[in-house]
Amino acid sequence: MKYDFKSIETKWQGRWEAEKPFAAINGDTRPKYYILVEFPYPSGDGLHMGHPRPYTAMDIVARKKRMQGYNVLFPIGFDAFGLPTENYAIQNKIHPAVVTKNNTAKFTEQLKMLGYSFDWDRCVDTTDPNYYKWTQWIFLKLFEHDLAYKALIPVNWCTSCKCVLANEEVVDGVCERCGADVVRREKSQWLLRITKYAEALNDDLDTVDFVERVKVQQRNWIGRSVGAEVDFKTTTGDVIRVFTTRQDTLYGATYMVISPEHSLLNKWTIENEQEVKDYQAAAAKKSDFERTELVKEKTGVEVKGIRAINPVTNSEIPIYISDYVLATYGTGAIMAVPGHDTRDWEFAKKYNLPIIEVVSGGDVAKEAYVDCDTGTMVNSGMIDGLNVDDAKVKITKWLTEQGLGEEKVNFKLRDWVFSRQKYWGEPIPIVICGKCGYVPLPESQLPLVLPEVEKYETTETGESPLAAMTQWTTTTCPKCGGEAQRETDTMPNWAGSSWYFLRYADPHNDTALASRDALNYWTPVDWYNGGMEHTTLHLLYSRFWHKFLYNIGIVPTSEPYMKRTSHGFILGEDGQKMSKSRGNVINPDNTVREYGADTARLYIMFIGDFEKTAPWSQSAVKGCKKFLDRVWNLAEIKVDGRSTSISDVSAEHETVIHRAVKKVGSDIESLKYNTAIATLMSLVNDFYVAAPNRAELKVLLTMLSPFAPHIAEELWELQGFEGYVSQQPWPEYDEAKTHDENVTIAVQIMGKLRGTIEAPLDCDDETLIDMVKKDSKIKANIESKEIIRTIIVKNKLVNLIVK
RNA sequence: GCCGCUGUGGUGGAAUAGGUAGACACAAGGGACUUAAAAUCCCUCGGGAGCAAUCCUGUGCCGGUUCAAGUCCGGCCAGCGGUACCA
């Protein structure tokens with residue numbers, strides 16, 4: 001009989017659906033293991049190859065963990081709020097909820113087609129009011145704890161989406177989604193104070209097992225830097241406070257620069273007022289992108305008539321305004337040390353300002369001496385002769401004593417802009433009352449359900465489509481009972497995904513986001529795998545929400561995820577990133593149809609290093625199909641024999657089987673799925689040289705089942721083994737049996753390979769050298785030479801050094 | 001610019017901790033079976049020399065450490081990702 005993958009896969013998927021062998025059980029006595037994959041955004045295009053890679057990998061882990069006796073939670077859901085759905089709805093005049101329903105149905109079908117062992121009863125959908133009730137509830141808690149606030153801020157405005165974007169959604173000055181220009185605009189927006197958690201988000205990375213590149217990227221994004229704030233008095237009697245990480249170079253500060261938006265500019269009487277005003281106006285007109293684009297040439301204007309006083313030299317220094325100083329970082333003002341900062345140096349050259357060397361070792365006449373940590377302080381009064389570190393300590397102490405400044409830690413991280421002027425998102429549960437201000441909706445009124453609207457488009461003024469629904473927006477103030485308006489902004493699609501993993505623990509709870517018992521049992525997530533592109537967005541946002549929920553006593557741990565790994569992209573066959581415009585998108589449907597889900601799963605794991613990008617190759621898929629054909633042909637006919645325990649493997653196959661069990665097991669844990677599959681292929685190749693007995697076949701099918709679950713179940717049944725192969729214990733290996741009695745020893749002379757010999761395992765050195773010397777080939781090589789040294793690596797290698 | 005990662009056959013990729021480079025596949029070539037094709041099975045497959053056993057050479061480039069370097073160190077080059085006037 002031929003390997004009929006189609007009927008086999010349909011059969012087992014039906015059985016799994018009916019009998020639910022992969023259901024997670026709350027409060028079970030087995031040890032729990034919570035494996036999480038990033039739930040998909042259900043786009044109209046269906047799954048592409050980017051989805052099955054992480055899903056298959058974690059499915060393999062989930063299946064193996066179950067076989068090892070864990071109560072595994074491996075859930076899936078849909079992150080369904082978002083712009084593409086809304087745009088599709090606008091274009092086709094279909095309600096976004098209907099679009100979402102269709103898309104999730106398609107995704108569900110495709111995910112089931114691939115044979116994933118998800119617990120489908122726990123499926124969540126962020127657009128379900130029963131779900132977003134709790135997203136809104138968390139928002140109310142954030143508001144209650146002063147972590148949500150509304151402020152007039154310059155926002156990134158996408159000219160095409162007509163929508164406010166988070167900084168994270170602006171890429172190279174254009175909208176991440178549609179590629180249109182992004183400009184700056186003042187708008188009243190909801191923000192979340194993620195900056196309050198900057199320190200904890202940074203420091204607690206030390207407590208979790210995230211792959212290093214994720215930690216590095218998060219740390220860079222949070223951007224912690226330690227320095228000092230220093231006060232500079234001015235001739236007007238005002239004080240300009242600056243932030244610097246180089247307080248040691250204070251004696252070299254020969255001028256100051258403040259941002260064009262600095263508040264003191266409004267207060268001062270400036271001699272060249274018009275010139276300053278013109279510069280401010282020009283800077284305000286520029287978008288963030290334009291401001292950073294002009295990196296090469298720095299511009300600025302001196303604020304004439306007012307001077308600052310360097311607190312250590314007491315000399316008067318000029319003040320400039322320039323847009324290379326950002327209003328949003330530090331204090332919006334800097335002390336300029338042209339001798340030791342590249343930007344200050346360029347600016348000083350251009351405007352003919354003095355450059356003073358305060359750390360020796362460079363040539364400040366030629367260029368700024370920046371990497372000067374090893375230098376010695378010069379021209380620096382009280383800190384002359386000290387090294388940089390000591391100088392920092394001493395000057396900071398002095399500044400603090402004089403009341404002129406103090407040590408200060410700054411972060412690049414900014415508050416999270418949380419408003420969107422869009423329809424397809426969670427309504428923000430706030431009422432705006434003329435008398436009481438922003439009033440939270442009482443919990444009893446949640447969920448605040450999205451109203452039906454006539455038009456989904458953002459209004460011309462940039463307000464949410466909800467703003468046009470006056471019937472809905474007009475309400476009464478929960479506090480004073482007077483007439484009030486509902487907030488019409490909605491939440492960004494990062495909201496629902498910031499806590500979804502908690503809901504999986506108890507997805508049908510209608511009195512809490514999840515019961516405390518369920519959270520105590522399942523959280524934290526043991527292993528979370530996802531894309532690098534979410535490192536500074538979703539991953540950071542959800543850590544923030546989780547820390548907040550921990551602080552208010554909702555969740556039992558301060559970090560949501562114990563372990564985070566990250567997979568590489570699957571590229572198109574042309575080696576380019578898959579995209580519709582390139583026309584190189586590959587979806588799993590065709591491969592599954594032509595070769596079956598098991599082959600598709602195998603190939604996507606065999607393709608290469610899980611953590612790196614890898615190009616798809618349709619022709620290489622066949623290799624995996626061939627492998628399954630070979631397995632089928634090997635095991636289709638019932639193999640006789642009563643013994644089925646691993647202790648009953650033949651002497652012939654003993655070593656290779658114990659080795660394979662060891663290798664496949666450890667490879668799954670360390671993301672090396674490609675070599676795990678290679679090991680299985682080798683084992684099958686060995687079985688073609690000498691046929692396996694019943695015990696050996698059993699081990700093979702058990703190990704194969706996480707990778708290719710359908711064929712494994714079918715062959716298991718054909719062989720007459722009991723139950724589901726996916727519910728068998730994972731095979732155990734015996735370390736002693738992973739070695740042969742004999743080992744091949746490489747023999748080198750002067751470090752060059754000259755041959756190999758067979759020697760008994762753990763052979764003692766003398767016997768080994770003796771054997772080497774007797775080997776005819778080696779003998780010829782060392783004739784008439786004297787062995788002056790021998791190096792032996794046990795069971796591996798002998799190296800003879802001769803003269 | 002800064003931070004991180006990567007560079008190995010025609011291709012995807014292997015190579016615990018420095019210890020036989022190229023596992024496992026794909027593609028290609030040759031052969032068996034077949035009327036033929038598909039499928040299957042067997043052989044070859046980094047480069048060079050040789051009938052051959054064998055020898056030389058080879059992991060982006062240059063140098064170093066070591067008995068021994070794809071692996072460690074220093075300096076380059078190229079590609080990918082992140083970030084960007086962050087003081």
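The values are calculated or read from the model by the stated rules, or taken from the named source; none is laboratory data. Note that the coordinates shown come from a computational prediction; the quantities given were computed from them, not determined experimentally. All Cβ positions, even for glycine, are placed from backbone atoms using ideal geometry, and neighbour counts span all protein chains on display. Ligands, DNA and RNA are stripped out before the accessible areas are found, and what is left, the full protein with its side chains, is counted by its heavy atoms. Shrake-Rupley method; radii C 1.70, N 1.55, O 1.52, S 1.80 Å.
Annotations
- Between 0 and 90 degrees, the angle of helix A:709-718 with respect to the longest Cα principal axis of chain A falls at about 20 degrees.
- All Cα-Cα distances of segment A:587-731, cut into 5 Å bins from zero to the largest, leave 2, 10, 20, 23, 22, 13, 7, 3, 1, 0 percent in each bin in turn.
- Added length on full extension, which subtracts the Cα-Cα distance from 0.36 nm per residue, A:Ala746 to A:Asp146: 209.1 nm
- Amide H contacts of A:Thr756 (H built 1.01 Å from N, under 5 Å, at least 5 apart or other chain): A:Val747
- Averaging Cα coordinates gives a centre for segment A:704-775 and one for segment A:1-61; these two points are 32 Å apart.
- Accessible carbon and sulfur surface of segment A:599-707 relative to its total accessible area, %, 1.4 Å: 51 percent
- Note on segment A:1-148: with neighbouring protein chains present and a 1.4 Å probe, carbon and sulfur make up 53 percent of its accessible heavy-atom surface.
- Fraction in percent of alpha-carbon pairs per bin - 20 Å, chain A: 13, 34, 31, 18, 3, 0
- Among the listed pairs A:Lys133/A:Lys187; A:Lys162/A:Lys422; A:Lys233/A:Lys277; A:Lys32/A:Lys112, those beyond 21 Å (Cα-Cα): A:Lys133/A:Lys187; A:Lys233/A:Lys277; A:Lys32/A:Lys112
- Shown is the FRET efficiency for A:Thr474 and A:Val409, computed with R0 = 30 Å from the Cβ-Cβ distance and rounded to the nearest 0.05: 0.05.
- The angle between the Cα long axis of helix A:96-113 and the main principal axis of chain A comes to about 30°, on a 0 to 90 degree scale.
- Between A:Lys785 and A:Glu735, the FRET efficiency estimated from the beta carbon spacing at R0 = 51 angstrom works out to 0.80.
- Whole-Å semi-axes of the ellipsoid equivalent to segment A:92-222 (Cα gyration tensor, √5λ, descending): 30, 25, 19
- Selection of trypsin sites (Lys or Arg not before Pro), segment A:424-489, meeting DSSP coil and at most 12 other Cβ within 10 Å: A:Lys435, A:Lys455
- Directionally averaged projected area (segment A:1-81, Cα convex hull): 7.7 nm².
- Each residue of segment A:148-266 gets 188 Å³ once the volume of the Cα convex hull is shared out per residue.
- Full extension of the chain between A:Glu594 and A:Asp770 gives 57.5 nm of extra length, using 0.36 nm per residue less the Cα-Cα distance.
- Ratio Rg/Rh [Cα only; Rh per Kirkwood] for segment A:1-138: 1.02
- Taken per residue, the accessible surface of chain A reaches 44 Å², heavy atoms only and a 1.4 Å probe.
- For segment A:511-659, the spread of Cα positions along each principal axis, largest first, Å: 61, 51, 31
- Once C-alpha pairs closer than 8 Å and six or more residues apart are averaged by separation and normalised to the residue number of segment A:65-206, the relative contact order reads 19 percent.
- Taking all Cα-Cα distances within segment A:760-803, those exceeding 16 Å account for 33%.
- Angle of helix A:342-351 to the longest C-alpha principal axis of chain A, folded into 0 to 90 degrees and rounded to 10: 30°.
- Between A:Asp648 and A:Val239, the FRET efficiency from the beta-carbon distance, with R0 = 56 Å, is close to 0.10.
- Exposed loop sites are taken as GluC sites (Glu not before Pro) in a DSSP loop (any state but H, G, I, E or B) with at most 13 other beta carbon atoms within 10 Å; the longest stretch of chain A without one runs A:1-270.
- Helix-only arithmetic for chain A: the sum of -39500 (n - 2.57) across DSSP H runs with n ≥ 4, divided by the residue total, places the mean residue ellipticity at 222 nm at -10500 deg cm²/dmol.
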